[in-house]
Every structure is written in structure tokens, then in C-alpha cells.
Amino acid sequence: MTVTPILELRGIDKSFGPVQVLHDVAFSAYPGEVTALVGDNGAGKSTLVKCIGGIHSFDAGEYLFEGERVQVNGPRDAAALGVEIVYQDLALCDNLDIVQNMFLGREKRRGPILDEATMEEMAARTLAGLSVRTVKSVRQQVSHLSGGQRQTVAIAKAVLWNGKVVILDEPTAALGVAQTAQVLELVRRLADNGLTVVLISHNLNDVFAVSDRIAALYLGRMAAQVRTTDVTQSQVVELITSGRSGDLGLATTNGATA
Amino acid sequence: MTTALHPEKTAAQPPSTVDGIRAVGRDYLDRLRGGELGSLPAILGLVVLCVIFAIMRPVFLSNLNFANLLTQGAGSIAIAMGLVFVLLLGEIDLSAGFASGVCAAVLAVLLTDQGWPWYSAVLAAVLTGMLIGLVLGVLVARIGIPSFVVTLAAFLAFQGIVLMLLEEGTNISINDPVILAIANDNLPPVLGWVLLGVGVGGFAAVQLRQMRNRRRRGLTTAPPVLVAARIGGLALLGGIAVHLLNQERSRSLVVDSVKGVPIVVPVIVALLVIGTFVLSRTSFGLHIYAVGGNHEAARRAGINVTAIRVSAFVICSSLAAVGGIIAASRGHSVDPNTGGSNVLLLAVGAAVIGGTSLFGGRGRLINAVLGGMVVAVIQNGMGLMGYSSGVKYAVTGSVLLVAAGVDALSRRRAVRR
Ligand SMILES: Nc1ncnc2c1ncn2[C@@H]1O[C@H](COP(=O)(O)OP(=O)(O)O)[C@@H](O)[C@H]1O
Ligand SMILES: [Mg+2]
């Protein structure tokens with residue numbers, strides 16, 4: 001395996017006050033592949049994603065992008081690298097409409113004036129391309145949308161920018177069966193188009209259906225990063241629940257991976 | 001891959017006018033039902049109050065009183081417009097009243113005691129406002145003290161600063177003719193018509209250009225009839241107002257002729273237009289709404305939340321300075337009560353009664369103007385009916401409470417759906 005990962009984290013430590021949430025975490029994601037990030041509630045998946053997105057700074061560790069060490073000090077830095085994230089809580093402004101949310105922080109302008117028409121066109125085109133869920137008008141306020149529609153807007157926001165890396169933190173949690181299938185199909189399609197996709201999910205059937213690799217976090221430590229084809233579902237369950245499975249996983253509590 | 005999605009495009013043939021209007025009406029009703037009442041209660045309240053007062057006291061409708069109403073409301077409307085920026089963030093500025101007092105005192109001291117020219121004194125007063133806002137904003141946004149506490153402390157402190165500036169409470173009279181003109185003089189009648197023409201023409205040009213641009217790109221537009229109605233409505237209401245204000249309203253023509261649009265009116269309108277442009281057409285304005293709606297989402301979008309918060313306080317206190325200048329002009333002097341007593345409450349009342357949410361994220365500058373008119377009408381009308389100040393305050397307070405109640409209920413409604 002000589003392919004360099006587009007996104008690589010090494011030795012990430014992250015504490016909130018006295019509580020250390022991430023311990024020496026290593027994580028890699030590759031172009032054209034879906035990497036599933038799994039782990040129990042509270043394992044630190046969302047925290048890791050926020051570190052990647054520049055929302056949280058980490059206490060120690062390296063952030064490499066396309067093989068180069070980079071400094072990501074805020075959401076704008078991550079966006080500039082081409083990292084787009086659908087956060088678990090979606091991070092939408094209820095009082096703004098769909099277009100405004102999709103372009104928030106990166107509005108199209110003509111001089112000092114917002115270029116509403118261009119943004120509206122681009123938003124409508126992106127949503128049409130996803131065709132995941134009915135939205136009456138792209139000028140609808142997000143507060144008027146259902147859970148699934150909000151999820152779609154958040155995903156469309158990430159797709160809109162043609163990023164290199166798309167990270168989805170539990171994107172199907174609020175979705176029904178049909179919509180979940182559509183999101184998974186989209187995830188696969190993005191990766192097949194050469195993008196790097198990171199998918200966080202609790203549903204191992206979904207994970208095995210779409211992912212190329214699986215990274216399992218256990219209590220803030222990376223238990224294992226494996227190829228999906230090399231493991232069985234029950235092994236992944238063991239990694240999630242106890243941090244190890246046979247010769248896979250954490251050897252000791254100091255976070256060494258097998 | 002269904003094509004269930006309806007991107008907002010008008011296909012080959014645009015919908016008929018009737019359908020378009022019906023759709024707009026339906027959207028509006030939907031929004032009302034969803035709890036977004038906006039300015040509607042204020043407009044209805046304004047109409048009802050005017051009818052009641054006009055019946056009870058016909059003098060309420062006199063040209064003189066109409067002009068009075070506008071100059072009476074102008075100071076607190078300016079402060080209320082500033083408060084909208086802070087309220088949009090879900091914060092409050094309880095010191096805006098006395099901030100206007102401090103700025104007015106600075107103006108008076110420089111103008112009368114130091115003999116500065118009016119423009120330098122006005123600039124200094126507005127800069128004082130900006131500085132005040134900067135301090136408040138930094139304390140709230142960077143240090144993280146709740147705005148309620150910061151501005152309550154500032155409320156007391158500014159009261160003291162006014163006293164110090166005025167050397168223990170003497171009042172300073174304003175003699176500069178330019179400053180006095182702001183709230184006491186009127187435009188020449190012709191200029192009133194010219195300004196109205198420019199305003200309506202500009203509004204029409206912006207609306208039509210926007211409509212043409214969206215049409216060309218195949219995006220939905222408001223039905224042309226509606227756009228025409230908006231422009232016509234503005235022209236009509238503006239025309240009536242200018243016409244009434246251009247009537248002679250002097251009681252004794254022997255002494256002086258008084259007619260024309262009070263100068264404060266174009267001042268307020270200019271602030272309204274500029275502020276509305278900033279809030280609705282620029283990234284900065286959008287970011288204010290975003291921070292007020294969900295500051296964490298705004299942060300994750302890369303918006304500098306702290307800078308937005310600080311600038312909202314700067315704008316608020318700067319507009320308070322304008323309010324203070326108007327008050328100084330109207331009162332011909334500045335005393336320790338300028339910006340004190342009920343000024344802040346009336347301004348907060350104006351913003352909230354007009355439909356600005358106390359919970360952040362919802363509101364427009366026109367809310368402050370409409371709410372300010374409601375407050376001014378209550379004060380003025382009840383004064384004409386001979387009620388005491390006590391009753392006026394109690395009624396204004398109740399109206400504020402009702403408006404805040406409407407806001408809270410409509411928010412609950414919006415959250416529940
Ligand atoms: N901002 C925060 N402050 C303090 N603790 C936090 C914060 N965010 C997350 N945590 C803690 O970090 C741990 C990991 O949380 P999270 O990353 O959300 O887990 P996951 O997404 O895997 O369910 C949890 O114990 C959570 O309580
Ligand atoms: Mg999580």
C-alpha cells in the first residue's frame with residue numbers, strides 16, 4: 001500500500017479541560033474511497049471530525065493534507081484545503097433560508113452586494129443533482145423543513161463546494177429507509193468520482209455496504225484501521241465494544257495498534 | 001432518482017399573474033401561521049390607535065400634530081434602529097438611552113462651551129458612540145459577560161458620566177442653528193417632493209432591475225402586479241405624507257409660516273435605507289442574522305462571531321449617538337435627563353412592538369420605525385386626551401409586554417412545528 005492518504009492525522013491528543021477525549025489518534029482517508037469511522041457513543045468520533053474541520057484545536061499531533069503538514073486553525077482553513085463536513089447537529093441557521101445556509105460564510109457577491117441570483121441557481125442545481133428529498137423552494141426558511149430535508153440541505157451544502165474530502169457525521173440518523181439508501185448511494189457516488197469520503201455511522205450493515213476501509217475508535221483511541229474486506233461484522237462489533245478483536249485492536253491501554 | 005425536487009424555476013411559461021399572486025398570498029399566510037408575524041401587529045395597531053384617537057380627539061389628525069408626532073418619535077426611533085442590530089444577536093443594550101445622553105452631552109459641551117463647529121461636534125458625538133459600543137461589545141463578546149449585566153452597569157456609569165460632563169447637572173443650551181434645525185426646521189416644500197421623487201424612483205429602479213435580472217435567469221419573481229403595487233403604495237403613502245406636511249401649520253401666520261417635511265424625517269429615512277441595505281444585501285448583514293440564529297453554525301461557517309458581535313454594539317451605540325443629537329436639537333439643550341427616564345424603554349419598546357424578536361435572529365429596521373410610530377402615537381394621543389404621564393407609561397409598558405408576549409408565543413409556534 002504505497003498510496004499516500006489525502007488526509008492523515010498522527011498522534012492527535014485532545015482534551016476538554018481535565019477530560020482527555022482523544023488519545024494519540026491516527027487516522028487516514030484515501031481518494032476514491034469511503035472510510036467509515038465507527039465507535040460507540042462518546043468514543044470521540046465527532047470530536048475528531050471537529051478537529052479535522054478546524055472547529056477544535058488539538059493539543060498534540062500532526063495534520064497532513066496531500067502528504068504535507070498543514071496548520072488548520074479554523075473552519076476557513078479546512079474549507080480552503082477542500083474539506084467539507086456535514087456535522088452531526090447539521091449546524092444550520094433556522095432563521096435563514098436554504099440558499100443562505102448553503103453559502104453561509106462563502107457568499108457570492110458582486111462588489112459589496114450579495115449575488116442572490118447566482119447563489120440561488122447554484123443551490124437549486126446542487127439540490128437537483130442530489131434529488132434526495134422534495135424541497136418546495138430553495139428560498140424556504142430552514143425552520144420550516146422536516147428532519148430529512150434539513151439533513152439534505154446540510155449534505156447539499158457540503159457537496160456544493162466541490163471539496164476534495166467530504167466528511168459526514170451520522171448523516172442518516174434522521175432519515176427513513178428510502179432516504180438512507182439514497183444518502184448511501186450518494187456517498188458511494190462521490191467516492192467513485194474520486195472524492196475522499198469519511199462516513200460516520202452506527203449501522204454496520206450500511207458501513208459494510210459502502211465503505212472501503214473502517215476505522216474504529218474506542219474510548220478516544222484508534223483501535224484499528226482496516227480494509228472492510230479484511231474483517232467481519234462481528235470483528236468490528238468487538239472493536240467498537242472492547243477495543244480489540246483477536247490480534248486486531250488495542251494491545252494495551254496506551255493506544256498501540258496492532 | 002426522482003425529479004420530485006422543485007428548484008425555484010419558472011419553466012418555459014411563467015405562471016399566470018393570478019396564480020402568482022395567489023402563491024405569494026399563500027406563502028404569506030403560511031409564514032403568519034408559522035409565527036412570523038413581522039410588522040403586521042404594529043401596522044394593525046397603528047391603524048387602530050390612529051382611528052381611536054382621531055375619533056376621540058379630532059385635533060389628533062391636524063397637520064401640526066402629524067408633524068409633531070414625527071419629530072417626537074425620531075429620537076427614540078434612531079435608538080431603536082440601533083437596538084435592532086443588538087436584538088438580532090439575541091443580546092440587549094440597556095445603556096443605549098444613557099449612551100445617547102453621553103453623546104448629546106459631548107455634543108453640547110463641544111458646541112456651546114468649547115465653540116467647536118457643528119460638524120466637528122457631531123463627529124465627536126458619533127465617535128463617542130462608536131467608542132462606547134466598542135467597549136460594550138468587547139466586554140460582551142470577548143470577555144463573555146452577559147450583555148444584560150454589561151449594559152446595566154453601563155446604564156449606571158453613563159448616567160454618572162452625563163452628570164460629570166454637565167458639571168453636576170447644570171443644563172447646557174444648544175444655540176448652533178444647524179443642530180437646532182435637525183429637529184425643529186422643515187424642508188422647503190419643493191425639496192420634500194424632490195426627495196420623495198428620488199426615493200420612490202430609486203426604489204422602483206432597484207425593484208425593476210432585480211425583477212428583470214431574475215426573469216432573465218429563469219428564477220421566480222414576485223408577480224409584476226405586486227411589485228407595481230409596492231412601488232405605487234410607497235408613492236401614494238409618501239405623497240400623502242409630503243402633501244400634509246407641506247400644508248401651513250403655523251397657528252398665527254403673522255409670526256411665522258411653518259410648513260414642509262421636518263428635517264428629521266429624511267434623516268431617519270436615510271438611516272433606515274442604509275441600514276436595511278446593510279442588513280439585507282451584504283454579507284455582514286447576513287452574518288448578523290446567522291450569529292443571531294445559531295452562533296455555533298455561524299462559527300463553523302468560518303464567520304468571525306466575535307467581530308460581528310462587537311460591530312453590532314458599535315452600530316447600536318452610534319445610532320444612539322444620533323438619537324442623542326436629535327434629542328439635543330429638539331430640546332434646545334442637554335441636561336442630566338437627556339437619554340434618561342423612559343428613553344431606553346421607549347426605544348426597546350419601539351423595536352419589539354415593531355416585530356423584532358427578543359430571542360435573536362428575527363427583525364428588520366422598519367420594525368423600529370413602525371414600532372416607534374406606535375409608541376409615539378400612544379404618547380401623543382393619550383397626551384391629547386389629557387391622561388397623566390403615569391397612565392401613558394403604564395399603557396406603553398403594557399403594549400411592550402403584549403408585543404413581547406406575541407413574540408414569545410410565535411417563537412414557541414415556530415419551534416414546535
Ligand atoms: N465541547 C465539549 N466539551 C467537553 N466535553 C466534550 C465536548 N465535546 C465532546 N465532549 C466529550 O467528548 C467525548 C466524545 O464525544 P463525541 O466526540 O461527541 O463522541 P461521539 O461522536 O463518538 O459519540 C464525550 O465524552 C463528550 O462528553
Ligand atoms: Mg458524534
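The values are calculated or read from the model by the stated rules, or taken from the named source; none is laboratory data. Since the model is a prediction, treat every value here as computed from it, not as a measurement. Virtual Cβ from ideal backbone geometry, glycine too; neighbours counted across all protein chains shown. When the accessible area is computed, the model is the full protein with side chains, heavy atoms only, and any ligands, DNA or RNA have been set aside. Shrake-Rupley method; radii C 1.70, N 1.55, O 1.52, S 1.80 Å.
May I ask you to verify whether B:R209 is open to solvent by 30 Å² or more (accessible area, probe 1.4 Å) and in contact with an Asp or Glu (Cβ under 8 Å, 6 or more places away or on another chain)?
So B:R209 fails the test.
List pairs: first in region A:11-23 and away from ligand 2 (no atom under 16 Å from the Cβ), second of a type in the set (S, T, N, Q), Cβ under 8 Å, 6+ apart or cross-chain?
Listed pairs, sorted by first residue: A:D13/A:Q20.
Which one of these does B:G115 not meet: (1) part of a helix (DSSP H, G or I); (2) closer than 22 Å to B:A328 by Cβ?
If we test B:G115 against (1) part of a helix (DSSP H, G or I); (2) closer than 22 Å to B:A328 by Cβ, just (1) comes out false.
Using the structure shown, decide if B:R299 is within 14 Å of chain A (Cβ to nearest Cβ), under 15 Å from the mean Cα position of the chain (by Cα) and crowded, with 18+ Cβ neighbours inside 10 Å.
No.
Within region A:34-46, can you find the residues that are surrounded by fewer than 23 Cβ atoms within 10 Å (Cβ to Cβ) and more than 9 Å from ligand 2 (Cβ to nearest atom)?
The one that is surrounded by fewer than 23 Cβ atoms within 10 Å (Cβ to Cβ) and more than 9 Å from ligand 2 (Cβ to nearest atom): A:D40.
Results for (1) in a helix (DSSP H, G or I); (2) touching a residue at least 12 places away in the same chain (Cβ under 8 Å), shown as yes or no for each residue.
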residue	(1), (2)
B:I274	yes, no
B:Y289	yes, yes
B:V322	yes, yes
B:G355	no, yes
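Identify, from the list B:A141, B:A121, B:A78, the residue that is under 23 Å from the mean Cα position of the chain (by Cα), at pLDDT 95 or above and part of a helix (DSSP H, G or I).
B:A78
Looking at A:Q179 and the list (1) in contact (Cβ under 8 Å) with a residue 60 or more places away in the chain; (2) assigned to a helix (DSSP H, G or I); (3) of a type in the set (S, T, N, Q), which single condition is not satisfied?
For A:Q179, the failing item is (1).
Give region A:211-227 a look and list any residue that's of a type in the set (V, I, T) and either modelled with pLDDT under 95 or open to solvent by 10 Å² or more (accessible area, probe 1.4 Å) (or both), or say none.
Scanning region A:211-227 gives a single hit, A:V226.
Could you tell me how many of the residues in region A:64-106 are facing chain B (nearest Cβ under 7 Å), surrounded by fewer than 19 Cβ atoms within 10 Å (Cβ to Cβ) and more than 20 Å from the chain's Cα centre (by Cα)?
The number of residues fulfilling the criteria is 1.
Name every residue in region A:59-115 that is part of a strand (DSSP E or B) and touching a residue at least 12 places away in the same chain (Cβ under 8 Å), in order of residue number.
A:A60, A:G61, A:E62, A:Y63, A:L64, A:F65, A:V83, A:E84, A:I85, A:V86, A:D97
Yes or no: B:V178 in contact (Cβ under 8 Å) with a residue 40 or more places away in the chain, assigned by TED's automatic domain parsing to the domain that holds B:F66, open to solvent by 50 Å² or more (accessible area, probe 1.4 Å) and touching a helix residue (DSSP H, G or I) at 6+ places or on another chain (Cβ under 9 Å)?
The answer is yes for B:V178.
Can you say whether A:L22 is away from chain B (no Cβ under 11 Å), touching a Gly at 6+ places or on another chain (Cβ under 8 Å), farther than 24 Å from A:N193 by Cβ and surrounded by 24 or more Cβ atoms within 10 Å (Cβ to Cβ), as far as the supplied structure shows?
It is true that A:L22 is away from chain B (no Cβ under 11 Å), touching a Gly at 6+ places or on another chain (Cβ under 8 Å), farther than 24 Å from A:N193 by Cβ and surrounded by 24 or more Cβ atoms within 10 Å (Cβ to Cβ).
Considering only region A:158-175, state which residues are open to solvent by less than 40 Å² (accessible area, probe 1.4 Å) and either within 16 Å of ligand 1 (Cβ to nearest atom) or small (G, A, S) (or both).
A:A158, A:G163, A:I167, A:L168, A:D169, A:E170, A:P171, A:T172
Quick check on region A:129-152. Is at least one of its residues of a type in the set (K, R) and open to solvent by less than 30 Å² (accessible area, probe 1.4 Å)?
no
Limited to region A:47-63, what total is found for residues that are under 21 Å from A:L219 (Cβ atoms), away from chain B (no Cβ under 12 Å), open to solvent by 10 Å² or more (accessible area, probe 1.4 Å) and not charged (D, E, K, R)?
Adding up the residues that qualify gives 4.
Consider region B:259-284. How many of its residues are open to solvent by less than 50 Å² (accessible area, probe 1.4 Å) and farther than 16 Å from B:L319 by Cα?
Residues meeting the conditions: 6.
What are the pairs, 6+ residues apart or on separate chains, where a residue within region B:89-111 that is within 14 Å of B:G160 (Cβ to Cβ) has its Cβ under 8 Å from a residue that is acidic (D, E) and open to solvent by less than 10 Å² (accessible area, probe 1.4 Å)?
Listed by first residue and then by second, the contacts come to B:A99/B:D93.
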